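Asks: Structure incoming, see below.
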Amino acid sequence: MALLPIIETPDPLLRQISTPVEVVDDDIRRLVSDMFDTMYAAPGIGLAAIQIAVPKRLLVIDLQEPEEEGGDPVRDPRVFINPEIIWASDTLQTYSEGCLSVPDQYAEVDRPDHIRARWLDEQGKTHEEELDGLLAICLQHEMDHLEGILFIDHLSRLKRDMVLKKLAKMRKEMAKRAA
Ligand code: NI
């Protein structure tokens, strides 16, 4: 098990466009495994490789939704390598998003509520599926990372500034507490 440091805004690496994975090999599978460890420990439900400073088009998701309300979270790890959105609905859904690279900040973002996506899994096998609900939101959020986009970029300037101000304040208080 390896926990990797998660980079946070305003790290310029988060603005980099990630490049396709050429070969899905053991190195990639090791990276995927480390990314799951890092994501579960954070804890988070999605992590793109660029968030651990690896500019490859690779992301992991586990919504860890309980099978029944009030039940224990069930692990459902999903790997998306070189993902593409091949269709998106005109209808949108609003969700209060957060991001491990914008810690402890949340804001409502609108995104298509249905998408059709294509990707490779960690064995290099192609998948194509129509996705909706939280999985569709999460995949779109993580795919934004591959383009150097953060969820706060979808907000109005006023709202974005508010989120960044709150983040700066939180960091200051944490630094004070650590001192
Ligand atoms: Ni994120």
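Asks: Just a yes or no: is a residue in the stretch 99-107 touching a strand residue (DSSP E or B) at 6+ places or on another chain (Cβ under 9 Å), crowded, with 16+ Cβ neighbours inside 10 Å and free of Cβ contacts under 8 Å to residues at least 24 places away in the same chain?
Replies: Among the residues of the stretch 99-107, not one is touching a strand residue (DSSP E or B) at 6+ places or on another chain (Cβ under 9 Å), crowded, with 16+ Cβ neighbours inside 10 Å and free of Cβ contacts under 8 Å to residues at least 24 places away in the same chain, which makes the answer no.
Asks: What residue, among those in the stretch 150-165 that are surrounded by 15 or more Cβ atoms within 10 Å (Cβ to Cβ) and out of contact with any Lys or Arg (no Cβ under 7 Å at 6 or more places or on another chain), is farthest from C138 (Cα to Cα)?
Replies: So the residue we want is M162.
Asks: Here's a check for you: in the stretch 108-159, which residue that is touching a residue at least 24 places away in the same chain (Cβ under 8 Å), part of a strand (DSSP E or B) and within 16 Å of the ligand (Cβ to nearest atom) is farthest from P83 (Cα to Cα)?
Replies: That would be V109.
Asks: Only residues that are within 16 Å of the ligand (Cβ to nearest atom), of a type outside the set (S, T, N, Q) and in a strand (DSSP E or B): list them for the stretch 90-107, please. Give the derivation first.
Replies: Initially, the stretch 90-107 is screened for residues within 16 Å of the ligand (Cβ to nearest atom), giving 95-107.
From what is left, the residues that are of a type outside the set (S, T, N, Q) are 95, 97-100, 102-104, 106-107.
Listed by number, the residues that qualify are Y95, E97, G98, C99, V102, P103, D104, Y106, A107.
Asks: Can you report the number of residues in the stretch 40-82 which are touching a His at 6+ places or on another chain (Cβ under 9 Å) and outside any strand (DSSP E or B)?
Replies: 3
Asks: Working only within the stretch 16-25, note down all residues that are within 16 Å of the chain's Cα centre (by Cα) and surrounded by 14 or more Cβ atoms within 10 Å (Cβ to Cβ).
Replies: Q16, S18
Asks: In addition: Being surrounded by fewer than 12 Cβ atoms within 10 Å (Cβ to Cβ) and closer than 12 Å to T9 by Cα is the filter here; which residues of the stretch 166-179 pass it?
Replies: A168 - this is the single residue of the stretch 166-179 that is surrounded by fewer than 12 Cβ atoms within 10 Å (Cβ to Cβ) and closer than 12 Å to T9 by Cα.
Asks: Also, I was wondering about something else. Could you please let me know if D72 is over 22 Å from M35 (Cβ atoms), at pLDDT below 95 and touching a strand residue (DSSP E or B) at 6+ places or on another chain (Cβ under 7 Å)?
Replies: Yes; evaluated as a whole, the condition is true for this residue.
Asks: Out of the residues in the stretch 29-63 that are crowded, with 21+ Cβ neighbours inside 10 Å and polar (S, T, N, Q), which is farthest from the ligand (Cβ to nearest atom)?
Replies: Across the stretch 29-63, the extreme among qualifying residues is T38.
Asks: Here is a check on your reading of the model: is W87 away from the ligand (no atom under 16 Å from the Cβ), in contact with a Pro (Cβ under 6 Å, 6 or more places away or on another chain), modelled with pLDDT of 95 or more and not charged (D, E, K, R)?
Replies: Spelling it out, it is not the case that W87 is away from the ligand (no atom under 16 Å from the Cβ), in contact with a Pro (Cβ under 6 Å, 6 or more places away or on another chain), modelled with pLDDT of 95 or more and not charged (D, E, K, R).
The values are calculated or read from the model by the stated rules, or taken from the named source; none is laboratory data. Because the structure is a prediction, the values reported are computed rather than measured. Every residue, glycine among them, receives a Cβ derived from its backbone with ideal geometry; neighbour counts consider all protein chains shown.
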